[in-house]
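What follows is a set of notes on a single structure, which appears directly below.
Where a number appears in this text, it was derived from the coordinates with a stated rule and is not lab data. The model shown is predicted, which means the values in this text are computed figures rather than measured ones. Neighbour counts are summed over all protein chains in view; Cβ atoms, including those assigned to glycine, are modelled from backbone coordinates with ideal geometry.
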Amino acid sequence: MAEFYKAACVSDVPAGTGKKVEIEGKSIALFNVGGSFCAISETCPHRGGPLSEGTVQGTHVTCPWHGWTFDAATGNRVGFPEGMGRITTYKVRVEGNDILVEC
């Protein structure tokens with residue numbers, strides 16, 4: 001059964017940025033989208049680029065290596081039919097100053 005784990009503090013992820021976190025052996029990219037937090041797989045499926053280092057615009061995250069773009073809220077690859085090129089998403093909740101991610 002999945003559990004929520006502390007991934008970071010709210011102050012660790014300023015609005016419009018991402019942060020790589022490791023939880024239960026999984027590399028996760030955590031994003032602050034206008035004060036709401038989203039979590040997706042850290043690794044771009046194209047060539048393994050670090051999504052947490054990508055450009056954030058709204059909920060869209062663009063891989064810094066080859067420009068693949070994903071919606072951090074849904075995991076869908078932007079510009080492709082829904083579910084095609086989809087990456088793993090994780091549930092996120094905030095308790096006080098702690099950002100918790102379900103793994």
Exercise. Among the aspartates and glutamates, which fall within straight-line cross-link reach of residue 26, defined as a Cα-Cα distance under 13 Å, with same-chain neighbours fewer than 8 residues apart omitted?
Worked result: 42, 102
Exercise. Which of these values of Kirkwood radius over Cα pairs in Å was calculated from the structure shown: (1) 13.3; (2) 15.8; (3) 18.3?
Worked result: (1)
For this session: Calculate, in nm to one decimal, what residue 88 and residue 74 gain on full extension: separation in residues at 0.36 nm each, minus their alpha carbon distance.
Result: 4.2 nm
Seminar exercise, completed: Lone Cys, the chain, Cβ cut-off 4.7 Å -> 9, 38, 103
Exercise. Ranked highest first by average number of other Cβ atoms within 10 Å, how do 1-14, 65-78 line up?
Worked result: 65-78, 1-14
For this session: Give, as ranges by residue number, the residues of the range 49-81 whose backbone N falls under 17 Å from the point 7 Å along Cα→Cβ of residue 15.
Result: 56-60
Exercise. Given H placed 1.01 Å from N in the peptide plane, which residues other than close sequence neighbours of residue 49 have an amide H under 5 Å from its amide H?
Worked result: 44
For this session: Would you pull out the residues with amide H under 5 Å of residue 86's amide H, same chain only if 5 or more places away, H placed 1.01 Å from N?
Result: 77
For this session: Treat every Asp and Glu Cβ in the chain as -1 and every Lys and Arg Cβ as +1, leave all other atoms uncharged, and give the resulting dipole magnitude about the Cα centre to the nearest 20 debye.
Result: 240 debye
